[in-house]
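The structure appears below as structure tokens.
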Amino acid sequence: MSKNKPKILVTNDDGITAKGIRNLIKEMCKLGDVYVVAPDKPQSGKGHAITIDAILELKPVKVADGALVEVACSGTPADCVKLAINEVLEEKPDLCVSGINHGSNSSISVIYSGTMSAAIEAGIEGIPSIGFSLCDYSKDADFEEARPFVYKIAKQVLENGLPDGVVLNVNFPKMSEEAYKGIKVCRQARANWREKFDKRTNPIGKEYYWLTGEFENLDAGEDTDEYWLAKNYISLVPIQFDLTAHHMIQKLNTWKLNE
């Protein structure tokens, strides 16, 4: 550990052995002293869930890819950050990075994402934080072209900081023969998942369901993450965890609520 190097917490939701986090660790080791606290198994789609009705376990694992410490956590991504801050690290890190997720976390997916919830949890603690995702769900997804941009964005956050209450949501298009065209700072597209449930019956006659569905982009704007990802740009969206609809406060105060 160096007194002059920034301390960087690395986590994810795909599990500590996922290819995405291994690539992220390697890039962060170029920037500072890296501490890894990540789920011991896949936790995708957990959102900001925390464990309150079961025990949590931390298990040191063999350090690889240059990190100083690696710990597998039995809980959710948000649990990982809470335990990292309170039990694993002696002091708060200078930066938290989450990912690189196997799959998109653009648009509405941000609210379901364990990757982004880990970054948000760190942001709640006042730590500059970034969530990184690649729009490729494959276990063997190719992260090579994304890595230099991961380094560049993390370095800029270390140098410039982020406002309180703001974290960054960065998504990379799926790798193709065409190189990424650059980074676009943009807004979250208005979209939704049109969900369906595949109803099945098991061999003993009990019914069960698999969640399926299709992503539906409802936003025709040319300044959104979905718009730029489709054009092979990396999307960078600053997000906030104050969910207050400030524009509604004045209107609600005109309602006859106290009569």
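The values are calculated or read from the model by the stated rules, or taken from the named source; none is laboratory data. Computed from a predicted structure; not experimentally measured. Cβ coordinates were reconstructed from backbone atoms using ideal geometry, including for glycine residues, and neighbour counts include every protein chain displayed. Just the protein is used for accessible areas: all its heavy atoms, side chains included, with ligands, DNA and RNA removed. Shrake-Rupley method; radii C 1.70, N 1.55, O 1.52, S 1.80 Å.
Here are some notes:
- Candidate residues TRP228, TRP255: accessible-area rank, largest first, probe 1.4 Å: TRP255, TRP228
- Average projection, convex hull of the Cα set of region 1-120: 6.9 square nanometres.
- Beta bridge orientation in the chain: antiparallel %, DSSP, nearest 5: 45
- Solvent exposure of region 67-132 amounts to 27 Å² per residue of accessible area, where only protein heavy atoms count and the probe is 1.4 Å.
- Estimated translational D of region 69-171 in µm²/s (Stokes, Kirkwood radius over Cα pairs; 4 °C; 1.567 mPa s): 92
- 12 Å tail of the calculated P(r), region 156-213, as % of Cα pairs: 82
- Percent breakdown of C-alpha pair distances by 5 Å bin, ordered from the shortest bin, for region 45-96: 4, 18, 26, 26, 17, 8, 1
- Extended-chain gain in nm, criterion 0.36 nm per residue less alpha-carbon gap, TRP210 and LYS62: 49.7 nm
- Relative contact order %, the chain, counting alpha carbon pairs below 8 Å whose residues are six or more apart: 17
- Centroid-to-centroid separation of region 171-250 and region 128-147 [C-alpha atoms, Å]: 15
- Geometric extent, Cα atoms of region 172-245 - Rg, Dmax (angstrom): 18.1, 54
- Shape summary: region 113-201 maps onto an equivalent ellipsoid whose semi-axes, from the alpha-carbon gyration tensor, are 26, 20, 13 Å in decreasing order.
- Alpha carbon Rg of region 205-259, scaled by the compact-globule rule 2.2 N^0.38 Å: 1.99
- The value of relative contact order for region 132-259, using C-alpha pairs under 8 Å at least six residues apart, is 30 percent.
- Global form of region 127-259, assessed from the alpha-carbon gyration tensor, a/c cut-off 1.5: oblate
- Accessible area of the chain belonging to carbon and sulfur atoms, whole % at 1.4 Å probe: 51
- Under 19 Å of direct C-alpha separation, and excluding same-chain neighbours fewer than eight residues apart, LYS199 reaches these aspartates and glutamates: GLU207, GLU214.
- Cβ-derived FRET efficiency at R0 45 Å, LYS92 paired with ASP223, nearest 0.05: 0.85
- Placing +1 on each Lys and Arg Cβ and -1 on each Asp and Glu Cβ, with no other charges, gives region 158-259 a dipole about its Cα centre of roughly 360 debye.
- Across region 165-220, Cα pairs under 8 Å and at least six residues apart give a relative contact order of 32 percent.
- Accessible area per residue in Å² at 1.4 Å probe, computed on region 139-225: 68
- With Cα atoms as the point set, the radius of gyration and Dmax of region 1-69 evaluate to 13.1, 40 Å.
- Given LYS46/LYS152; LYS41/LYS62; LYS139/LYS174; LYS46/LYS206; LYS62/LYS155; LYS26/LYS46, the pairs whose alpha carbons are separated by over 22 Å: LYS46/LYS152; LYS46/LYS206; LYS62/LYS155; LYS26/LYS46
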